[in-house]
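This report refers to the structure that appears directly beneath it.
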Amino acid sequence: MSELAKDIKRTDDEWKAQLTPEQYHVLRQKGTERPFTGALTENHETGNYHCAGCGALLFMSGAKFDSGCGWPSFMLPAESKAVVEHEDKSFGMRRVEVTCAQCGGHLGHVFPDGPKPTGLRYCINSASLTFTRQEP
Ligand SMILES: [Zn+2]
């Protein structure tokens, strides 16, 4: 089986036991943390951003940029298969939701107004991420 830990499925109670209330709200209930409140929005350290639900590597610090939008923003995921994009028509808007490919946890949205070269802005909740600093 090359599909390592793909398709992690847990019950709601298991997620609740594993996650903090804020992580649970964002990852499992598609919540959004208030802008400029997340622990990682202003994080400029070198390292990797993993899914707070399952630990999958999602983003790397080299792709992070200051978007000013109030959430951690990335130009691209660590690899294209790390995240899944879905059309989201909630709240009367057309947006593209981004979820973790491995556990299905809600991460945030991707917008087509990012910097070059990708032109994308992955706008991700801090609560969906855990950061691992890379030692120099
Ligand atoms: Zn995950």
Residue hits (the stretch 86-100; within 16 Å of the ligand (Cβ to nearest atom) and either surrounded by fewer than 16 Cβ atoms within 10 Å (Cβ to Cβ) or modelled with pLDDT under 95 (or both)) are HIS86
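Just to verify a result, which residue in the stretch 57-104, among those that are of a type in the set (Ser, Thr, Tyr) and under 12 Å from the mean Cα position of the chain (by Cα), is farthest from ILE8 (Cα to Cα)?
SER73
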Cβ-Cβ under 8 Å, sequence separation 6+ or interchain: first residue in the stretch 1-14 and within 17 Å of LEU57 (Cβ to Cβ), partner at pLDDT below 95 and of a type in the set (S, T, N, Q). Which pairs?
none
I need a count of the residues in the stretch 37-56 that are within 16 Å of the ligand (Cβ to nearest atom) and in a loop (DSSP other than H, G, I, E, B).
6
What tally of residues in the stretch 65-76 results from selecting those that are touching a Phe, Trp or Tyr at 6+ places or on another chain (Cβ under 7 Å) and either within 12 Å of the ligand (Cβ to nearest atom) or free of Cβ contacts under 8 Å to residues at least 12 places away in the same chain (or both)?
0
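To keep it simple, each residue is scored yes or no on (1) under 25 Å from SER90 (Cα atoms); (2) β-branched (Val, Ile, Thr); (3) touching a residue at least 60 places away in the same chain (Cβ under 8 Å); (4) buried (at least 17 other Cβ atoms within 10 Å of the Cβ).
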residue	(1), (2), (3), (4)
ALA17	no, no, no, no
TYR24	yes, no, no, yes
ARG34	yes, no, no, no
LEU40	no, no, yes, yes
HIS50	no, no, yes, yes
GLY53	yes, no, yes, yes
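Test VAL110 against the stated conditions and say whether it is away from the ligand (no atom under 16 Å from the Cβ), of a type in the set (Val, Ile, Thr) and not in a loop (DSSP other than H, G, I, E, B).
Considered against the rule, which asks whether it is away from the ligand (no atom under 16 Å from the Cβ), of a type in the set (Val, Ile, Thr) and not in a loop (DSSP other than H, G, I, E, B), VAL110 comes out as yes.
What about GLY104, is it away from the ligand (no atom under 16 Å from the Cβ) and on the phi > 0 side of the Ramachandran plot? Can you show your working first?
Working: away from the ligand (no atom under 16 Å from the Cβ): no; on the phi > 0 side of the Ramachandran plot: yes.
No.
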Give the residues of the stretch 55-72 that are surrounded by 17 or more Cβ atoms within 10 Å (Cβ to Cβ) and in contact with a helix residue (DSSP H, G or I) (Cβ under 9 Å, 6 or more places away or on another chain), sorted by residue number.
ALA56, LEU58, PHE59, TRP71, PRO72
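The values are calculated or read from the model by the stated rules, or taken from the named source; none is laboratory data. Note that the coordinates shown come from a computational prediction; the quantities given were computed from them, not determined experimentally. Every residue, glycine among them, receives a Cβ derived from its backbone with ideal geometry; neighbour counts consider all protein chains shown.
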